[in-house]
């Protein structure tokens, strides 16, 4: 008998619709994204979660190497952004935002890699927000400094004390990332390893050793932006599953339901392809989980597919 198809989502306990979906039997587990909350806000989220009973398992997503915006300053002729991690890269070079939908020209990197000077940002009505991830695809790009910031370590310590043993680890690129993370959370923890960069791919396909408490995640939201040729994505999707047959495929699933009440044909066809090549664990992207109406649409479409196609 074929293994059932599982679906997971991303929610914060403070979301008005959290209890509704966290108790939904159609959902395998819930992911709490650390990028969505400050250390102060995390206290509130954990307090709410501790009062919520009979929910599906909760995973805490820890940010490792991922560069994220910590401050934005707008000038008449340029933008400046500060990052959580210092970086280096040859400039000028394009810098991408919002899953690659928008971009600017990175003119220079200042203050030992912490401050980025950008050309005028288009479209003008758009905004760069604190907490957003950035993508620099130039081969000279490199993150500097420690893998885990002090703020992220404080979040890890807080959720560990709250009893968490299930985690996502973002932007995994080396075994040393995982080893260092286990030192922070304990070797008895269960960790989903998000593959989101070219370096992460090299690790997953050549060095990753499958263990009961380690699972690869094809994190397509960022990975699709980071790879040098988007047409590689179908092949990468198969290769990651071969590296971990229990792997998760996430993001860019049922995106048409963000704007439509009925999913597009291509969305159902992709679900069928992912299922046919062997994926049994899928995850919706963050955006469609933020609002009850969007999550309801996506889950309804997924459930219809599961009932009709998965025999």
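FYI, it's all coordinate maths here, none of it is from the lab. Bear in mind the structure is a predicted one, so any value in this text is a computation, not a measurement. Every residue, glycine as well, gets a Cβ built from its backbone with ideal geometry; the counts of neighbours run over all protein chains shown.
Expressed as an acute angle from 0 to 90° and rounded to the nearest 10, what is the orientation of the C-alpha long axis of helix 150-161 relative to the principal long axis of the chain?
Tilt relative to the chain: about 20 degrees.
Please identify which residues in the stretch 136-152 have an amide N closer than 17 Å to a label point set 7 Å out from the Cα of residue 179, following the Cα→Cβ vector.
The answer is 146-148.
Please rank 188, 24, fewest neighbouring Cβ atoms within 10 Å first, as an exposure proxy. Don't skip to the answer; put the middle values down first.
Details: 188 8, 24 16.
By the 10 Å Cβ count, ascending: 188, 24.
With a 10 Å cut-off between alpha carbons and a GNM built on the chain, which of 253, 236, 277 moves the most?
Maximum among the listed residues: 277.
Round to the nearest 10 and give me the degree value, 0 to 90, for the angle of helix 39-51's Cα axis relative to the longest principal axis of the chain.
On a 0 to 90 degree scale, this one is about 10.
Counting other beta carbons within 10 Å of each Cβ, put 141, 171 in order, fewest first.
Details: 141 20, 171 26.
In increasing order of surrounding Cβ atoms, one gets 141, 171.
Could you check what % of the DSSP bridge pairs in the chain are antiparallel, to the nearest 5? Each step should come with its number before you reach the end.
Details: 23 of 51 bridges.
Of the beta bridges lying entirely in the chain, close to 45 percent run antiparallel.
Express in nm, to one decimal, how much length is gained between residue 277 and residue 14 on full extension, taking 0.36 nm for each residue of separation and deducting their alpha carbon distance. Don't jump to the answer; show the numbers that get you there.
Working: separation 263, 0.36 × 263 = 94.68 nm, distance 3.64 nm.
Computed gain between residue 277 and residue 14 is 91.0 nm.
Once you have a ≥ b ≥ c as the square roots of the Cα gyration tensor eigenvalues for the stretch 29-79, tell me rounded if a/c is under 1.5, and otherwise prolate or oblate according to whether a/b is larger than b/c. Don't jump to the answer; show the numbers that get you there.
Values: a/c = 3.89, a/b = 2.42, b/c = 1.60.
It is prolate, given that a/c is not under 1.5 and a/b is the larger ratio.
Run the quick spin-label model on residue 235 and residue 40: label points 7 Å from Cα toward the beta carbon, then report their separation in nm to one decimal.
Once both label points are built, they end up 4.9 nm from each other.
Just checking my list [x] 0.95; [y] 1.03; [z] 1.12 against Rg/Rh (Cα atoms, Kirkwood Rh) computed from this structure; which label fits?
[x]
Given the DSSP H assignment, sum -39500 (n - 2.57) over each helix run of at least 4 residues in the chain and divide by its residue total; what's the result at 222 nm in deg cm²/dmol, nearest 500?
Numbers: 9 runs with 99 residues, N = 311.
When only DSSP H runs of four or more count, the value is -9500 deg cm²/dmol.
Please give the length that would be gained between residue 129 and residue 77 if that part of the chain were fully extended, namely 0.36 nm times their separation in residues minus their C-alpha to C-alpha distance (nm, one decimal).
Numbers: separation 52, 0.36 × 52 = 18.72 nm, distance 1.82 nm.
Taking residue 129 through residue 77 to full extension adds about 16.9 nm, to one decimal.
Taking only Cα atoms of the stretch 69-143, what ratio of Rg to Rh do you get with Rh as the Kirkwood inverse-distance radius?
Details: Rg = 11.1 Å, Rh = 12.2 Å.
Rg/Rh for the stretch 69-143 comes to 0.91.
Tell me the Rg and the Dmax, in Å, that the Cα atoms of the stretch 128-282 produce.
Cα-based Rg and Dmax for the stretch 128-282 come out at 16.7, 46 Å.
Between residue 293 and residue 153, what is the label-to-label distance in nm when each label sits 7 Å out along the Cα-to-Cβ direction?
Placing both labels 7 Å beyond Cα along the Cβ direction yields 4.5 nm.
Rounded, prolate or oblate: which fits the stretch 13-156, taking a ≥ b ≥ c as square roots of the Cα gyration tensor eigenvalues, rounded meaning a/c under 1.5, else prolate when a/b beats b/c? Display every interim value, and only then the final one.
Values: a/c = 2.48, a/b = 2.02, b/c = 1.23.
Prolate.
Give me 58, 283 ranked fewest to most by other Cβ atoms within 10 Å of their Cβ, as a rough exposure proxy.
Values: 58 19, 283 26.
Sorted ascending by nearby Cβ count, the order is 58, 283.
What is the spin-label model distance, in nm, from residue 269 to residue 48 if the labels are put 7 Å beyond Cα along the C-beta direction?
The modelled label-to-label distance comes out at 3.9 nm.
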